[in-house]
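Peer 1: Pasting a structure below so you can have a look.
None of the figures in this text is laboratory data; all of them are computed from the coordinates on show. Just so it is clear, the structure is predicted and the values come from calculations on it, not from any experiment. Counting neighbours? That spans all protein chains shown, and the Cβs are built from the backbone with ideal geometry, glycine included.
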There are 2 protein chains.
Amino acid sequence: MGTTTPQRRQRHDPVERRKQLIGIGLQMLTERPLHEITVDAVAAQAGISRTLLFHYFPTKQDFYAEVVRAAGRRMLRAAFPAGRDSPSELDDVTDGYLSFIERRHELYTGLFRGTAPGDWLHDIAQETRTQMVDQLLLTLGIQRPAPMVRAAIGAWLSFAEELCLDWAAHRPGNRDRVLALLRGSLRNVVELADGDSN
Amino acid sequence: MGTTTPQRRQRHDPVERRKQLIGIGLQMLTERPLHEITVDAVAAQAGISRTLLFHYFPTKQDFYAEVVRAAGRRMLRAAFPAGRDSPSELDDVTDGYLSFIERRHELYTGLFRGTAPGDWLHDIAQETRTQMVDQLLLTLGIQRPAPMVRAAIGAWLSFAEELCLDWAAHRPGNRDRVLALLRGSLRNVVELADGDSN
DNA sequence: CGGTGCTATTGAGCGATGCTCAATAAGACT
DNA sequence: AGTCTTATTGAGCATCGCTCAATAGCACCG
């Protein structure tokens, strides 16, 4: 037991290593909150030494920034399957979003709710949010939103997050009703914020 | 410099010490996110040793649980000055809430947005949210809310948080318009969620 | 005023964690 | 076979949360 098998080193493609490590980060986020994930655990899971992780990501923050970005891309694809430029139907968007959270709510909460301004994760999460607001503006057919409208949609995203997460956890009502509430509130909020600018 | 003055020890009232430490925690949360606050820093600010902090709070988590509870009480008082049982006017509530965030948005974000489910802070923050939902139900005159209505109001709180924080930071529009948006969206969301149960 | 007990307070130290640095060795290319 | 790049590692450091045994204010009692 005391003698460890020398275990022949294997050199891997750096790109593959990065992908592997980010994948492990995503998977771990589904099991525990971010601040409970240690570099040691990730390295152990990957079968490498701590030091190698720092070779690819100069800092733990840099590592998790990549992880969060990757998760953000996944969510955007789930909610806006039509792609970056072509607008999706609002029904599809709300449904895709809710479905994503249903399947991945552990991951999602670990990512985007566990951030505060000043926090290093906040800026990364904000990138994804900004893209979601842009996509929502696109599906709503709004061309030149007033700042207040952008702010309202951004805030509505928080509303949607909380509502979907709560529903995924406690199921307070029918799924279709949640979707109806999402769509109705978004339209109402935009209307209120936009009407304000007159 | 190498010799430290023995510096006569001073015994303080435990209750006062606790208050002092919690106060320091609240103040520090206005400057940096929670996970960047070390026990050493708090102890140093108070002029005591790390060990003494652990004498009053068995764990860092216990310490910050107290801090978060204290902040929650402050916020509830700001938003619902009428008190626990008598209902306030919705106009007063939204205004009090927004004013609180205007004055204290660094603190507020540090507290309630930096939590994820599974996180030990989440349960504490949730206590305050539950109380706010109850108060809001009271001011809205809703007696027996359907689960969906409670969920909707809880989610609206996230909406309000995000909107107010964004407004405090970037001022996208007039203050009165924010208040109107808050009131209007709340009424609409409740209506949508309630109508769903028919 | 002196002794006694309670406990607020402390220093030394431990394990874990994020991170650094110099050294090793796998594999590609002559 | 020899050389060069760089993926990979072990040893070690500073900080952080936390424990434990010891010290010393201060109140109370005689």
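Peer 1: Which lysines, if any, have their Cα less than 18 Å from the Cα of A:LYS60, not counting same-chain residues under 8 positions apart?
Peer 2: A:LYS19
Peer 1: Given the C-alpha atoms of region A:78-179, compute the convex hull and give its volume per residue in Å³.
Peer 2: That works out to 105 Å³ per residue.
Peer 1: Further question: Measuring from a point 7 Å out along Cα→Cβ, what nm distances, shortest first, does B:GLU102 have to its partners in the other copies?
Peer 2: 4.3
Peer 1: Something else about it: Return the calculated 222 nm mean residue ellipticity for the protein assembly as shown, to the nearest 500 deg cm²/dmol, obtained by summing -39500 (n - 2.57) across DSSP H runs with n ≥ 4 and dividing by the residue count.
Peer 2: After summing the helix terms and dividing by the residues of the protein assembly as shown, the value is -23000 deg cm²/dmol.
Peer 1: How do A:157-169, B:143-155, A:28-40, A:59-71 rank on mean C-beta neighbours within 10 Å, highest first?
Peer 2: So the peptides A:157-169, B:143-155, A:28-40, A:59-71, ranked by packing, come out A:157-169, B:143-155, A:59-71, A:28-40.
Peer 1: If I stretch the segment between A:GLU31 and A:LEU52 completely, what's the gain in nm (0.36 nm per residue apart, minus their alpha carbon distance), one decimal?
Peer 2: Stretched out fully, the A:GLU31 to A:LEU52 stretch lengthens by 5.2 nm.
Peer 1: Moving to a separate point now. Of all the Cα-Cα pairs you can form in region B:14-195, what percent are over 30 Å apart?
Peer 2: Tail of P(r) above 30 Å: 25 percent of Cα pairs.
Peer 1: What's the magnitude of the charge dipole for region A:14-196 around its Cα centre, counting Lys and Arg as +1 and Asp and Glu as -1 at the beta-carbon? Answer in Debye, nearest 20.
Peer 2: My answer is approximately 440 debye.
Peer 1: Can you list the copy-to-copy distances for B:ARG77, using a point 7 angstrom from Cα toward Cβ, in nanometres, shortest first?
Peer 2: Output for B:ARG77: 5.1 nm, nearest copy listed first.
Peer 1: If you don't mind, there's one more thing I want to ask. How far is B:ALA180 from the same spot in each other copy, in nm, shortest first, if each label point sits 7 Å from Cα toward Cβ?
Peer 2: List, nearest first: 2.9 nm.
Peer 1: Mind listing the Cα extents of the protein assembly as shown along all three principal axes, in Å, largest one first?
Peer 2: Largest first, the protein assembly as shown extends 68, 61, 36 Å along its Cα principal axes.
Peer 1: Just tell me how shielded B:144-156 is by partners: mean number of partner chain Cβ atoms within 10 Å of each residue's Cβ, no decimals.
Peer 2: Mean partner-chain Cβ count within 10 Å for B:144-156: 5.
Peer 1: According to a simple spin-label model (label point 7 Å from Cα along Cα-to-Cβ), what is the distance in nm between A:ALA41 and B:ALA70?
Peer 2: Taking the two extended label points, one gets 3.0 nm.
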